[in-house]
1. Could you work out how much longer the chain between LYS174 and LYS81 gets when fully extended? Use 0.36 nm per residue separation minus the Cα distance between them, nm to one decimal.
2. Under a 5 Å amide H to amide H cut-off, with H placed in plane at 1.01 Å, what residues pair with THR18 once short-range neighbours are removed?
3. Of VAL86, VAL576, how do they rank once you tally other Cβ atoms within 10 Å and put the fewest first?
4. Need the full-extension length gain, ALA132 to GLU415, defined as separation in residues times 0.36 nm minus the C-alpha distance. One decimal, nm.
5. For MET431, MET360, MET374, what's the fewest-to-most ordering of other Cβ within 10 Å of each Cβ?
6. Mind pulling the angle between the C-alpha long axis of helix 548-564 and the longest principal axis of the chain? Nearest 10 degrees, somewhere in 0 to 90.
7. In whole Å, how far is the Cα centre of the stretch 576-603 from that of the stretch 19-98?
8. List PHE180, PHE367 from most exposed to least, where exposure is judged by having the fewest other Cβ atoms within 10 Å.
Amino acid sequence: LVPVTIDGLEVEVPAGTTILAAARRLGLRIPSLCAHPDLRAAGVCRVCMVEVKGQRTLQPACTFPIERPIEITTSSPAIRKARRHVIDLLLANHYGDCNTCKRNNNCELQALAHEYGVDSFRFGTPSAPKHAIDRSSPSIVRDMNKCVLCRRCVRTCLENQDVACLAIQDRGAKSKVTTFGDKPLGAVACINCGQCLNRCPTGALTEVDQTDDLWSVLDDPTKHVVIQTAPAPRAAIGEGFGLEPGTPMTFQMNTAIKRLGFDAVFDTNFSADLTILEEGTELLLRLHQALTGKDPAPALPQLTSCSPGWIKYIEHFYPDQLPLLSSAKSPQQMFGAVIKTYYAKLKGIDPRDIVSVALMPCVAKKFECSRPEMNDSGFRDVDYAVTTRELTKMIREAGLNLPQLPKSDFDDPFETPSGSGVIFAATGGVMEAALRTVIEIVTGKKVEDFYDHADIVPVRGFEGVRLVEIPIPEVGPVPDLLQRHFSDFEWLKGATLRVGVAHGTGNARKVLDDIKAGGPFSTCHFIELMACSGGCLGGGGQPIPTSPEIRAKRAQAIYGEDASYVVRKSHENPQVLKIYNEFLEDGPCGHKSHDLLHTSYTP
Ligand code: HC1
């Protein structure tokens, strides 16, 4: 450990620690635009300059490694002058009208300018935008007039997501963030995950905003407007109203949604549970084929298919591995198909008059619902996917203060919230939900007999990739729901399920390369892959900022909600059992569910 003194405070840090990190340990804040807790240091913005005793010039705190005892000053007239100068220069090149910017009051450049007392444009400011706004993507809007060249988006896309569709071009005054061949974002291999916009300090990258469209349909008395709410937004939306990350707002959000004028609010947990029944049955069918040696050899490991950014990633970069994907649609899309068929019939409403909205933590969901494969109800299954940030904006526009609203339940006929559905939001959650159901269905015993409180802790956590073994020590009788597919489970007795979990497509690449190379993941039976860091709770549509700490707090809220529910397993959700009884009569992976709830992807 190396002793270091920062502003008179002493701390010992491992050799190589940056000044910025050492200062954070002491609770000191050094401002920066290019540093981000999820990214490696770049040292490009020069806002974090500090004095290091013995050095003739100011040094960037984010890249200066502490190798020997040193003395640092983070605030002095020279430092303030230098930082102010950098901010003035950035503003001289920054055409962004704060009043109309999506990031107004949540912009790091604006906050810095305020902090350093900038009350005029010292070097002038552009009088007109220099760049056309790129609206070609179904998910993301790029306005390079607001870019500060911090390269957080470039590093996120390259280092975290392994997509590399953004890059820095040219040097000096000509420098800009661009795409391959300077093409529109919608024409390059972007996976729409929106992880870049979660780390953008300004309004250069934002989601495609559909709130005006939504207000229009809500104002149309001929439309029956319903919304399903994904598990992740409820753990984060409070942040937009000044609450601590991880303050659950599930039931206050239901009240807000009703007051906005929606006719019904449903929980995506219902269709997450439906997904588990479908995807779990598909897994058992593939395992049966593999373990009984039946031809043709099944596609294993089965890969989850609910994260649309991940789907686009495998389509772009590993098309030869597409057969490994589960054919189950995502919960968003399953619910959409159910709403315009089963629900429409139950309520006697013409599906043409139903507007099906999804509240998602994700900007790729906007792309997903526009895919040509997603019309199996005979209509577009989901009409709009809006983000947590868009709903926050609508709630504010309506003059509602979310934290002060009373609580209300979800609406029938999908009103039962479930624990397995809610944990979908955290990395490892889809796997845990699937295991709760598969273990109980196959062994005929309670999952609590094997794991305390049904918490399958080994698949939880935030490591980028995880591999876990789940023994199946005994088997029980085949439940009615699956008798169409299996006469017994003897073929699974004594087997060990090998499962994997990865989050962030950079980690997905590691898993896919490992499968190709015949490594440990190639021997897995089932792998959960999510495009975003931390799973959906770290999605591109969630409140900004994001960081490992914020995502951990959101995860706590998710697991807390799971523990609080009476129904914690997908196969025990009464609404799921009812829909198999009343509508999907031939059960999971039957003909009707195949037509409505499954799909296939082509390279
Ligand atoms: Fe997700 Fe999913 S968990 S993909 O992260 O399978 O977006 O929250 O809604 O569809 O349920 C997102 C979250 C979400 C789907 C579910």
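1. Length difference between fully extended and current span is 30.9 nm.
2. Those qualifying (amide H under 5 Å, at least 5 residues apart or on another chain) are ILE66.
3. By the 10 Å Cβ count, ascending, the order reads VAL86, VAL576.
4. The span from ALA132 to GLU415 would gain 97.3 nm if fully extended.
5. The order, fewest Cβ neighbours first, is MET374, MET431, MET360.
6. Helix 548-564 sits at roughly 30 degrees to that axis.
7. One Cα centre to the other: 56 Å.
8. Starting with the residue having the fewest Cβ neighbours, the order is PHE180, PHE367.
Taken together, the values in this text are just the output of simple stated rules run on the coordinates, not laboratory data. Quick caveat: nothing in here was measured; it's all calculated off a predicted structure. When we count neighbours, we look across all protein chains shown, and the Cβ atoms used for this are built from the backbone with ideal geometry, even at glycine.
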